[in-house]
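Presented below is the structure to which this report refers.
Since every read-out is calculated from the coordinates, none of them should be taken as a lab result. A quick note: this is a predicted structure, and the numbers were derived from the prediction, not measured. Cβ coordinates were reconstructed from backbone atoms using ideal geometry, including for glycine residues, and neighbour counts include every protein chain displayed.
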Amino acid sequence: MRRLCLFFFVAACALATPAWAADGAAGDRGPGRDWPQWRGPLGTGVSPDANPPIKWSETKNVRWKTALPGRGHSTPIVIGKRVFLTTAEPYGKALPPRPSAAPGNHDNLPVTHRQRFITLAIDRTDGRILWQRKLHEALPQEQGHHTASLASNSPVSDGERLFAFFGTFGLYCLDFDGNVLWQKRFGDLQSLHGHGEGASPALYGDTLVVNCDHEGQSFVVALDKRTGQERWKVARDEVTSWATPIIVEHAGKLQAIVSGTRRVRGYDLATGEILWECGGLSSNIVASPVFGKGIVYVGSSYDKRALFAIRLAGARGDITGGEQVLWRRSRGTPYVPSPLLYGDVLYFLTHYQGILNRVDAHTGEDRPGPLRLGGVTEVYASPVGAADRIYVTDRSGLTLVIEHSDTPRLLAANQLDDTFNASAAIAGEELFLRGEKALYCLAPGN
């Protein structure tokens, strides 16, 4: 068995409104009971009233475990008594692989089968698959990164409708019985190196925002959630990114905030007008921004390290280097996992290293400093938080549970027998972990 050790301090030398609330959804849904989008009810990675288990294994605190068809890395969402997720399932005879979009790129895995793009509904109580709906069939035009999937975009819901996005293969609005209400295609998107797609839709009120940064003409588009009709579409001077937009309200104005290689930008949600923009990120943008108390936190880590906090008050036009940028960091910055904003603390994982950074969200100063996570290997899933605990899951199936306090300590190290790339979902007393083979519902007393 792999050796696990407690993390230790490393020397430091070198609120968005939830989608379900926007329509006044009632009943048993609420901040602690639902997880309506991939970063949770607040868009920060935190479920404020939930209390998931601290310890589990394949034989402890598993309420149910459901085998999944196909392959997908999209985070499950939880609405009422249902869990929704997407997958891509190969079928038919093997076909000769299409030429790679990036010849000689050995990180890619050839796609040799046609794929069914599927959305599933699962009973939250017992894990039964209630329905699975095939939405499209195709032989993908691109290969994909060997760690990626063809269903990496997470769904989102307003409590009545489900929005499932498969990038090139379409955006679909379904009711909770799996009936397709409308669908929309945006054309073939060409990802950098043929690595695949991953940005999820963002929802606020009756507006759905989709970002399509790729190697062609990039754009961001806003749609009416009820009809799929386009409200506005704005071209973006950007290359491929995988970051999901966030939608926030500040000073009475709604804006969609989208990270990109050249700029992070805030768009007027009503018109698509660029309200402000700020340069300074790296290429290969994956991590999504987070927002709280009037401040946006945005980071990246590929060819350079960058993390900064932007005060929206007074942000107008190009604010690069301006007073709205409250602080910047150029070390320990996030790459694939998105930051977690928990109260006045910002957590983020260092680029491909088992190090969790914990900083004061107002100043960017270490609080108390980086934490080395013993036993953790590659992490693609974004950290989540609930009940004053932080949950970090690596690809090998290890989840560390860490106390959210000024002096963090390790509470548990939990191992499951699967590979995990999807971010966790937390709702009520349950933690949902989506692996390559199965979806786990973890709850105390099981």
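A few remarks follow.
- Placing unit charges on the Cβ atoms only, positive for Lys and Arg and negative for Asp and Glu, gives the range 8-442 a dipole magnitude near 420 debye about its Cα centre.
- Ordering of 84-91, 127-134 by packing is 84-91, 127-134, highest average first (other Cβ atoms within 10 Å, averaged per residue).
- Karplus 3J(HN,Hα) series, Hz, for the range 382-393 with 6.51 cos²θ - 1.76 cosθ + 1.60 (x for Gly, Pro): 7, x, 10, x, 6, 6, 6, 9, 10, 10, 10, 10
- Positive-end residue, the range 207-291 charge dipole about Cα centroid, Cβ charges, pick of 240, 278, 256: 256
- Across 134/225; 184/437; 93/184; 60/293; 81/225, pairs whose alpha-carbon gap is larger than 31 Å: 60/293
- Its DSSP H runs of at least 4 residues, each contributing -39,500 (n - 2.57), put the calculated 222 nm mean residue ellipticity of the chain at 0 deg cm²/dmol, to the nearest 500.
- Inter-probe distance in nm under a simple model that places probes 7 Å from Cα toward Cβ, at residue 403 and residue 54: 0.9 nm
- A DSSP coil position with no more than 15 other Cβ atoms inside 10 Å describes the following trypsin sites (Lys or Arg not before Pro) in the range 306-378: 316, 331.
- Under 5 Å from the amide H of residue 131 lie the amide H atoms of 121, each residue being 5 or more positions distant or on a separate chain, with H modelled from the backbone and absent for Pro and chain starts.
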